[in-house]
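Each remark here refers to the structure printed beneath this line.
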């Protein structure tokens, strides 16, 4: 099912109304089942006369007239054809993405309403298929995660089946992926394996994962009269011709389907659109007569459906250009997961309205929007993303660092201004002209000046409209993509702002408002028009449902006030560690006539290493002649890395059918090997390869995307050879191993199960009974006798856990191949039982790139001093491995003293010269920072320890029982370098190639030697230390705070002695003479 954008009438579109006088078209109410009964009013105060204005929101219709209308900020129609490339030239009369290997395979959504997740995945896959030919994104992840959690879209559903069947749209997908919640590879959440959704812990982990990052989601619509028909069609054809499949929605009613020509045409409007597919080509000469009803003209889109390859023409069909229900066009462009590491944003809901900073709507002026973010780690901001809802919108982006006023996003140091104009509409990412370095703990403001000559409503914002009963105060949420509770919970002061001049800013949370009666009347009239739109007189049932819905809204408006709650402005910023080097290509394949370029915006020299060789200065693009891991740096501290391989003719996918089974996908072992395991009772197989390459099978040419002949399958292994060749790519011979065995092995229980009539014997002729253990036969070859024939049966081998190496700097074990990482389990018990093992998933982090493109190896986080037992559970054709225990070395003792420090005029200090010099990176430090209880508990859980055992390990790791210091050491970045420090810091010896970083010592610089905290270092401070030392020496002692002791411990040896008093006097004298 598809939630489809419904267009409003021309009259409504012209009603660009100021919120202070006339309400823009309201988000329509949900059904009675969604009413939130509460006697409380909104917690935020609403205004009666706001000093801004909204545009008319567009609507999503979920289902037929008896369902709900939802508001969404729909993109304005293109008025001109957008030229995407200077090389586009004149487009051909027909084109098919299958011919260039950019269409992927046909999927089957089954019984679920997930067409929208399939069509969006197909479009996104096409954008990156050149680099990753076998890319297969998880539709299940998108369909489920879009509605998971209080900070995501509220579907109103709680059951898994209902969520999967709820439907969605391109706006929902763009909203999800822009948060880096997906997309992920299908193998992470396979469409056939919904049992994973019952594992709440794993689902929560997977929700925030992504194997690629969304860069752009271009969103398009026809206008009401289709006056931009030629302009939009020509723009879409350019996208397709450049290799990008297009997501689109339409009415899939069988009454409009021609089974002879596999084609659709209807004159019904898009309000009834209920299905999403992917446009992969076109034919301008497809006859208007090839439809159930003659279309107004020739021409049709070639679309890939998600109803399996048995439907229509091997899963493909034609939709007339003139099909009036076509809507919700989208093109997704993905980028490398490592393109940016940090995503700063507040918005998590679909923007539902456009805002102007002015309350006078007939005067079109620029408006400013801004977000303030707290910086959690040192980084450089490199790009900004936003929704451009109107073609030819101009923008000017300024980043303000080190804000001095948390309520003013422009109260910091201004960056260079990045200017541009977007001809395309949708979610777009803009690279900044210059990177902006920001410090941990600071605030940064992202300001964007927006202007479009056609409309003042250029600021996209989340909103929630509610009807509040004037008698009972019950609240009905009238917005589908969020509720008033969620808007209030997820929108905080000092986050999102708008402005008329970029100087005086208004906080978005101060902009909620209530509509007057005249406005409500105008809104109700427009809602009524929407309800009856395109319902024809003979459709009595639809008309009756529309009457009911109209009556419901009339009653709701009669007894309610209409409130609008403002959410966040949809504006994000992306960053990387400082001095990150940029790569021109996504990890994966690179063609022979192309090369990888490296760059930094400040033109610093770049140093590059290939496959671990010595670094040398980068001077020219790098041709990919073999598998290459390219490491690049400008400072030898932050290293950027991607892996590439020479382009090879490959299969995008390999599907098969056997007997009457639905089509399935072969398991990809490598680019040159696939494996298919066939059930014992199946006797034949047919293959469907998907590729842009020429294919020879047993010397005969076969077609891509079409099932070939059926081959009989004997017991044992049958090998098919596909020879692939393609211009500009290496030839490839693909072995397809089809295994049909008369026996099956239970990998987990290490047992054998035989088909009736099968006798299995070992090498000595002993019969192995059905269901018996084969633990002693692992890796051996047995003999199976059936129907007078004899077949060899290979018993699975026991998995072997590789020997992992310790990375002392990152405190990990690795590297762990992805297929092993999925099966890795561990135990922290000294003598673990079978039930003591846990999945290692939470302990794993990304490791290094491997040649399959965007896939990373993994590494296992470890703790110095712990004992951990690892094992591979059964899977991937192997029995479980034997357990292997790792005893992790402990860390060294902390620094005992600091030999020298420099005193700056502002009373900040840094170490230099002596044995513990930070200048040569033998030591590192981190400032004290806070880690929330929730974050700490999550960290403890991820390591698999009880809180008590974890704390004990951390006391040894950091050399202190101070919980604040432990949390600071866990949650902060450790730095090296001769830079001033102040406040309370932790220092330690840095890690080496053969030893962990040492335990830590806490040092307080603010007030060092100032034991009475009066802001001065005096002789009285030394006297206090001597008095305290004397009291300790005499055994009488005195209570002194830990902070005071840290101030007095001048040699940092953990004790207060007379020598500390002497050092204070020396420091006093030095400062006095300065």
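To the nearest 0.05, how large is the calculated FRET efficiency for residue 949 and residue 202 if R₀ is 41 Å and r is the Cβ-Cβ distance?
My answer for the efficiency is 0.95.
What is the distance in Å between the Cα centroid of segment 417-474 and that of segment 737-814?
58 Å
Could you state the number of Å between the C-alpha centres of segment 547-606 and segment 330-358?
Segment 330-358 and segment 547-606 have Cα centres spaced 2 Å from each other.
Return the FRET efficiency for the residue pair residue 610, residue 1034: r is the Cβ-Cβ distance, R0 is 51 Å, and the value is rounded to the nearest 0.05.
So, using R0 = 51 Å, E works out to roughly 0.15.
Please work out the ratio of the alpha-carbon Rg of the chain to 2.2 N^0.38 Å and round it to two decimals.
Dividing the Cα Rg of the chain by 2.2 N^0.38 Å gives 1.05.
Return the Rg/Rh value of segment 805-887, two decimal places, where both radii are evaluated on C-alpha atoms and Rh is the Kirkwood radius.
0.97
Tell me, 247, 162 in order of fewest to most beta-carbon neighbours within 10 Å?
By the 10 Å Cβ count, ascending: 162, 247.
Quick check on segment 574-688: take the gyration tensor over C-alpha atoms, sort the square-rooted eigenvalues as a ≥ b ≥ c, and tell me if it's rounded (a/c under 1.5), prolate or oblate.
Because a/c hits 1.5 or more and a/b exceeds b/c, segment 574-688 counts as prolate.
For segment 579-646, what is Rg from Cα atoms divided by 2.2 N^0.38 Å, rounded to two decimals?
Relative to the rule-of-thumb radius for its length, segment 579-646 sits at 1.02.
Tell me, what is the percent relative contact order of the chain, built from C-alpha pairs under 8 Å that lie six or more residues apart?
Relative contact order of the chain: 9 percent.
Could you work out the equivalent-ellipsoid semi-axes for segment 94-333, taking the square root of 5 times each eigenvalue of the Cα gyration tensor, largest first, in whole Å?
They are 30, 18, 17 Å, listed largest first.
Where does each of 220, 879, 194, 745 land when they are ranked from fewest to most other beta-carbon atoms within 10 angstrom?
194, 745, 879, 220
Considering Cα pairs under 8 angstrom that are at least six residues apart, work out the relative contact order of segment 766-812 and quote it in whole percent.
28 percent
Between the alpha-carbon centers of segment 100-126 and segment 271-324, tell me the distance in whole angstrom.
Result: 16 Å between the Cα centres.
Where does each of 419-428, 666-675, 773-782 land if you order them by average Cβ count within 10 Å, highest first?
Put in order of decreasing packing, that is 419-428, 666-675, 773-782.
Going by C-beta contacts inside 10 Å, put 259, 1000, 123, 554 in order with the fewest on the left.
Going from sparsest to densest Cβ surroundings: 259, 554, 1000, 123.
With 5 Å bins from zero, work out the P(r) of segment 728-883 over every alpha carbon pair and list the percent per bin.
Using 5 Å bins, I get a P(r) of 2, 8, 14, 15, 14, 11, 11, 10, 8, 5, 2, 0, 0 for segment 728-883.
In segment 803-837, whose amide N lies under 14 Å from the spot 7 Å out along Cα-to-Cβ of residue 773? List them in ranges.
none
Each reported figure results from applying straightforward, stated rules to the coordinates on display, with no laboratory input. For clarity, every value in this text was computed on a predicted model and none was experimentally measured. No Cβ is skipped: glycine too gets one built from the backbone with ideal geometry, and neighbour counts run over all protein chains shown.
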